[in-house]
Amino acid sequence: MKHQTKIITGGVYLVVDPAMEASELFSKLQQAIAGGLGIIQIWDHWQAGANKKAIIKQIKELAAEQQIPVLINNNWELLKAYELDGIHLDQPVDDLDVRKTALGRKCFIGLTCGNNLESVEWAIANKLDYISFCSMFPSKSAGACELVSPHTVKKVRQLTQMPLFVAGGISLQNIDQLKPAGMDGVAVISSVLQASKPAEVVASFREKLEKE
C-alpha cells in the first residue's frame, strides 16, 4: 500500500454501490466520511460499461485524507490493478495462499459469515482481519441470506478477538438490540447512502457503538 491507512478495529463500515449515479455517490460518501467512517467497501455491483478506474480513483482520493481503508468486494483483479487496501470475500476460497502470493503485497481480508461456524473457523485459521455477519435483519441488499442469530455472534466473540461486524438491515433503531452480542462495528449501505444527512447518521452509529 502506497498510502498509510488505519488498521481495522471496528466502527462504521460503509458498503458503497458503484452503480449509483456518480455525483450522488461521491457526495454521499464525502458526507459519510465527515461523520467518521472506519472502512469503505466497494460492492461488486457495476453498471455495464462503467469506468471502474475513474470510480475507484475518486473513492480512494476521498478516503485518503482520513486514512480510511478502501476494500473491494470479491474481485482480486481490481484489488491488484488499483492497489486497493483489501478485499472482502462473500465466501471462503480454497486457494487463498496462492492468491495472496500472486498479489505480492499485504492487504486486509474480511469474510461474510452466517450461522454456520465452518466459515468462521476458516477465517480464524487463515488469520483474516475481520468477520462480517449477514444478515442480522431482513434486507434487500442482502438478498436471500439467512438471518443470523445474535447468539452466533456472541459465540464467535468467545472464540476470537478478531474484529466482528454485523450487517444486513442495520439501522439506528435496531442496533441496540445487537450490542450485547459483542460486535465491534456495523456494516451498512442504505441507512447511510439513502440518508439526507449521511454525516449525522454515521456519527450517530459511532455514538451508539462507543456507548457502554
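Gain in length, SER196 to THR160, computed as 0.36 nm per residue apart minus the alpha-carbon separation, to one decimal in nm?
Details: separation 36, 0.36 × 36 = 12.96 nm, distance 3.69 nm.
In short, 9.3 nm is gained.
Going through the range 7-76, which GluC sites (Glu not before Pro) have at most 12 other Cβ atoms within 10 Å and a DSSP loop state?
Values: sites: GLU21, GLU24, GLU61, GLU65; in loops: GLU21, GLU65.
Here the sparse-neighbourhood loop sites are GLU21, GLU65.
State the extension gain, in nm to one decimal, for the chain segment bounded by ALA81 and LYS211, taking 0.36 nm per residue of separation less the distance between their alpha-carbons.
Numbers: separation 130, 0.36 × 130 = 46.80 nm, distance 3.94 nm.
Result: 42.9 nm gained on full extension.
Considering amide H positions built from the backbone, and no H for Pro or chain starts, which residues 5 or more places from CYS113, or on another chain, come under 5 Å of its amide H?
SER132, PHE133, CYS134
Can you list which of the trypsin sites (Lys or Arg not before Pro) found in the range 173-212 are DSSP loop residues with at most 10 other C-beta atoms within 10 Å? Kindly include the intermediate steps, with their values, before the conclusion.
Values: sites: ARG206, LYS208, LYS211; in loops: LYS211.
Listed in order of number, the matching sites are LYS211.
Add -39500 (n - 2.57) for each DSSP H run of 4 or more in the chain, then divide by its residues: what number comes out at 222 nm, to the nearest 500 deg cm²/dmol?
Rounded to the nearest 500, the figure is -10000 deg cm²/dmol.
Under unit Cβ charges (Lys, Arg +1; Asp, Glu -1), what dipole magnitude, rounded to 20 debye, does the range 11-210 have relative to its Cα centre? It would help to have the intermediate numbers written out before the result.
Details: 19 positive and 22 negative charges, 42 e Å.
I would put it at about 200 debye.
Which GluC sites (Glu not before Pro) does the range 108-209 hold that lie in a coil by DSSP with at most 16 other beta carbons within 10 Å? Let's see the in-between values first.
Numbers: sites: GLU118, GLU121, GLU146, GLU200, GLU207; in loops: GLU146.
Taking the range 108-209 and a limit of 16 other Cβ atoms within 10 Å, the loop GluC sites (Glu not before Pro) found are GLU146.
Return the distance in nm (one decimal) between the two label points of a simple spin-label model at ARG105 and ILE7, each offset 7 Å from Cα along Cα→Cβ.
2.0
Show which lysines lie in cross-link reach of LYS211 when reach means a straight Cα distance below 16 angstrom and same-chain residues fewer than eight apart are skipped.
Reachable lysines: LYS179.
How much length is gained if the chain between GLU61 and ASP176 is pulled fully straight, taking 0.36 nm per residue apart and subtracting their Cα-Cα distance, in nm to one decimal?
On the way: separation 115, 0.36 × 115 = 41.40 nm, distance 3.30 nm.
Fully extending the segment from GLU61 to ASP176 adds 38.1 nm.
Counting other C-beta atoms within 10 Å, which of HIS151, HIS45 has the fewest, and how do the rest follow? Walk me through the numbers before you get to the answer.
On the way: HIS151 10, HIS45 14.
Sorted ascending by nearby Cβ count, the order is HIS151, HIS45.
Straight-line reach from LYS106: which aspartates and glutamates have Cα under 17 Å away, leaving out those fewer than 8 places along the same chain?
GLU77, GLU83, ASP85, ASP95, ASP97, ASP129
May I ask you to evaluate 6.51 cos²θ - 1.76 cosθ + 1.60, the Karplus curve with θ = phi - 60°, for each residue of the range 75-85 and list the ³J(HN,Hα) values in order in whole Hz, giving x for glycine and proline?
Computed from phi, the couplings for the range 75-85 are 8, 5, 5, 5, 4, 6, 5, 10, 6, 6, 7 Hz.
Would you mind putting 168-179, 184-195 in packing order, based on average other-beta-carbon counts within 10 Å, highest first?
The packing order, highest mean first, is 184-195, 168-179.
Straight-line reach from LYS208: which aspartates and glutamates fall under 20 Å, measuring Cα to Cα and dropping same-chain residues less than 8 apart?
Straight-distance partners of LYS208: ASP176, ASP184, GLU200.
Of (1) 17.2; (2) 17.7; (3) 18.2, which one was derived for Kirkwood radius over Cα pairs in Å from the structure shown?
Label of the calculated value: (1).
All of the numbers you see were taken from the coordinates with simple rules; none came from a lab. Quantities reported herein were computed from a predicted structural model and do not represent experimental measurements. Backbone-built Cβ (ideal geometry, glycine too); neighbour counts: all protein chains shown.
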